């Protein structure tokens, strides 16, 4: 492989990476916004006034089970968001189907 | 040159010190833009329907504390305002200050300022509600016990509002369990602003979450809702303000203590602690025994 073709390869590789990264960022921007507005205040900031501390959501989909013990699937997380669980309020009627999809998409990116 | 460098170093250090101080105190400042929906001068609160506050709160209608009582006098329901929102202690405490009224054109159509309708010592009307078991209950059912009442809706997403109220009531309940005598002379009542969503099964599920799944706790803590007309009567009786907007209910944060005779003993708005509520509830329960003692 010549030096010039290696350079072209590296440049192409970098371009694809940049496209991939910016593409991902753009597609999860709304999900992240929803997360910050609706989830972060409870899940990211410990609050001793609450009866139960909501769990952190990083790596939610990396384990097989959710903190509740239910399987870590999109359907289960969707159900929890819509119906609530324990002291977590239901978001039924406040988030559209598209919003929930965006939010779950963003939750998948939290490592 | 070196003088300039020294000055810029000093300026840099000063800026760093300010940042450190700001970080230590955890003070954050945001700009709120919105319309004043209600004013409660007694509680020192403004309920504002506001736009998104990036980094703090999505667009919603909610009450905010105002410490500057003189500034509060100048603002009226219907006004469109810009204000500084100060948040401290990781967002657990926040208030509005430095109001800029950008329009007063809405004043004429605005609702009057909130007033507590029932005065201290006045009896509570016997309005029917449905509790978590689907059973009809009335305020009168609790006569003989001191009753602590609060008002929430189960879908409330703001941790410093309904979840805090229910969490603190749970703390009081757990404490009272340890003293059976006072447990039997007191009662907790959580009333929902959202009868359409907060049906008996929803209230039961919500209540169980705060009772650690001990259903026997419902004998001491009822979760209830009333039909919309009766809920409005309850709100009028206690001077509550609430309105539904985009599937979210904006409401004043009120706690009411009733005497064992079913009369209003005390109101709280935002300034309270669970310990203070519990003490007042216990004292009210025991004062009945004192009164009996005097009579007897």
For the pair residue A:92 and residue B:177, the simple spin-label estimate (label points 7 Å beyond Cα toward Cβ) gives in nm 2.7 nm
For peptide B:239-250, the mean count of other chain Cβ atoms within 10 Å per residue Cβ is 1
Taking a label point 7 Å from the Cα of residue A:111 along Cα-to-Cβ, the residues of the range A:45-77 whose backbone nitrogen sits under 18 Å from it are A:57-64
Rounded to the nearest 10, the angle in degrees between the Cα long axis of helix B:2-25 and the longest principal axis of the Cα atoms of chain B comes to 10 degrees
Percent relative contact order for chain B, counting Cα pairs under 8 Å at least six residues apart, stands at 18 percent
Mean-square fluctuation maximum in Gaussian network of chain B, Cα pairs under 10 Å, restricted to B:82, B:194, B:40, hits B:82
Expressed as a whole number, the average count of other chain Cβ atoms within 10 Å around the Cβ atoms of A:46-59 is 4
Cα-based Debye curve of chain B sampled at q = 0.10, 0.11, 0.12 Å⁻¹ gives log₁₀ I(q)/I(0) of -0.61, -0.72, -0.83
Cα convex hull volume per residue for the range B:117-234, in Å³, equals 110 Å³
Note: the range B:23-77, point scatterers on Cα, Debye, no solvent; log10 I/I(0) at q = 0.17, 0.23, 0.27, 0.31 Å⁻¹ equals -0.59, -0.93, -1.09, -1.20
For the pair residue A:82 and residue A:44, the simple spin-label estimate (label points 7 Å beyond Cα toward Cβ) gives in nm 2.6 nm
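Averaged over its residues, how many other protein chain Cβ atoms are within 10 Å of peptide A:85-94's Cβ atoms? Present the calculation step by step, with values, prior to reporting the outcome.
On the way: counts 2, 6, 9, 3, 11, 7, 3, 3, 6, 7.
Partner-chain Cβ atoms within 10 Å, mean over residues of A:85-94: 6.
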Nearest-0.05 FRET efficiency for residue B:42 and residue B:136 at R0 = 35 Å, using Cβ-Cβ distance, is 0.60
Computed over chain B: longest principal axis from alpha-carbon atoms vs helix B:162-177 long axis, angle to nearest 10 degrees, is 50 degrees
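Using the eigenvalues of the Cα gyration tensor, what equivalent ellipsoid semi-axes result for the range A:28-109 when each is taken as the square root of five times the eigenvalue, whole Å, largest first? Mind showing how you got there, number by number?
On the way: eigenvalues 62, 47, 35 Å².
Working from the Cα gyration tensor, I get semi-axes of 18, 15, 13 Å.
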Dividing the mean separation of Cα pairs under 8 Å (6+ apart) by the residue count of the range B:28-109 yields a relative contact order in percent of 31 percent
Of the convex hull drawn through the C-alpha atoms of the range B:193-296, the volume per residue in Å³ is 140 Å³
Distance in nm between residue A:68 and residue B:246 label points, each 7 Å along Cα→Cβ, equals 2.6 nm
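All of the numbers you see were taken from the coordinates with simple rules; none came from a lab. Keep in mind that what you see is a predicted model, and the values were worked out from it rather than measured. Positions of Cβ are generated from backbone atoms using ideal geometry, with glycine treated the same way; all protein chains shown enter the neighbour counts.
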